[in-house]
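Input: a single structure, listed below in structure tokens.
The values are calculated or read from the model by the stated rules, or taken from the named source; none is laboratory data. Computed from a predicted structure; not experimentally measured. Quick reminder, even Gly has a Cβ in these numbers, built from the backbone with ideal geometry, and neighbours come from all protein chains shown.
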Amino acid sequence: MTLELIDIAVKDKQSHPRLAGRVTGHVRAVLKEELDGREHIHELSISVWADVAEQTAPDDVDMALMLKAAQIVKRMKASVGPPA
């Protein structure tokens, strides 16, 4: 079994209602899994947050959110482990 991140994009984002400088949102991650010679596509919606300065450019905020999601996917892939 192999898992590969093939696409990642910010679905939505908003300022946190109570914590200044924090942005929350959802990132869409598409994974390709090969299992027993067959390919499966999984689309995930990952809840993420990032602490950013007020003057941070929107593209940089998106990058911070996608980086958080990529770290979550990396941890998930590590917990699944290598093929048996």
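In table form, for the structure just shown:
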quantity: Residues satisfying the stated conditions in segment 1-42, i.e. within 11 Å of the chain's Cα centre (by Cα) and closer than 15 Å to Lys74 by Cα; calculated: Leu5, Asp7, Ile8, Val27, Arg28, Ala29, Val30, Leu31
quantity: Sole exception among (1) assigned to a strand (DSSP E or B); (2) within 17 Å of the chain's Cα centre (by Cα); (3) surrounded by 11 or more Cβ atoms within 10 Å (Cβ to Cβ) for Ile72, by number; calculated: (1)
quantity: Search result, residues across segment 17-31 that are among the aliphatic types (A, V, I, L, M) and out of contact with any helix residue (DSSP H, G or I) (no Cβ under 9 Å at 6 or more places or on another chain); calculated: Leu19, Ala20, Val30
quantity: Residues satisfying the stated conditions in segment 24-52, i.e. touching a His at 6+ places or on another chain (Cβ under 7 Å) and either of a type in the set (S, T, N, Q) or loosely packed, with under 14 Cβ neighbours inside 10 Å (or both); calculated: Thr24, Ser45, Ser47
quantity: Boolean, Leu3 is surrounded by 15 or more Cβ atoms within 10 Å (Cβ to Cβ), touching an Asp or Glu at 6+ places or on another chain (Cβ under 9 Å), among the aliphatic types (A, V, I, L, M) and part of a strand (DSSP E or B); calculated: yes
quantity: Count of segment 1-16 residues which are among the aliphatic types (A, V, I, L, M) and touching a helix residue (DSSP H, G or I) at 6+ places or on another chain (Cβ under 7 Å); calculated: 4
quantity: Selection count, segment 32-49, where residues are in contact with a helix residue (DSSP H, G or I) (Cβ under 6 Å, 6 or more places away or on another chain) and within 18 Å of Val80 (Cα to Cα); calculated: 1
quantity: Per-region count, segment 43-69, residues under 12 Å from the mean Cα position of the chain (by Cα), free of Cβ contacts under 8 Å to residues at least 24 places away in the same chain and under 13 Å from Lys13 (Cβ atoms); calculated: 2
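Residue-wise test of (1) farther than 10 Å from Leu3 by Cα; (2) assigned to a strand (DSSP E or B); (3) at pLDDT 95 or above.
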| residue | (1), (2), (3) |
| --- | --- |
| Pro17 | yes, no, no |
| Val27 | yes, yes, yes |
| Ile41 | no, yes, yes |
| Ile46 | yes, yes, yes |
| Ala50 | yes, yes, yes |
| Glu54 | yes, no, no |
| Asp60 | yes, no, yes |
| Leu65 | yes, no, yes |
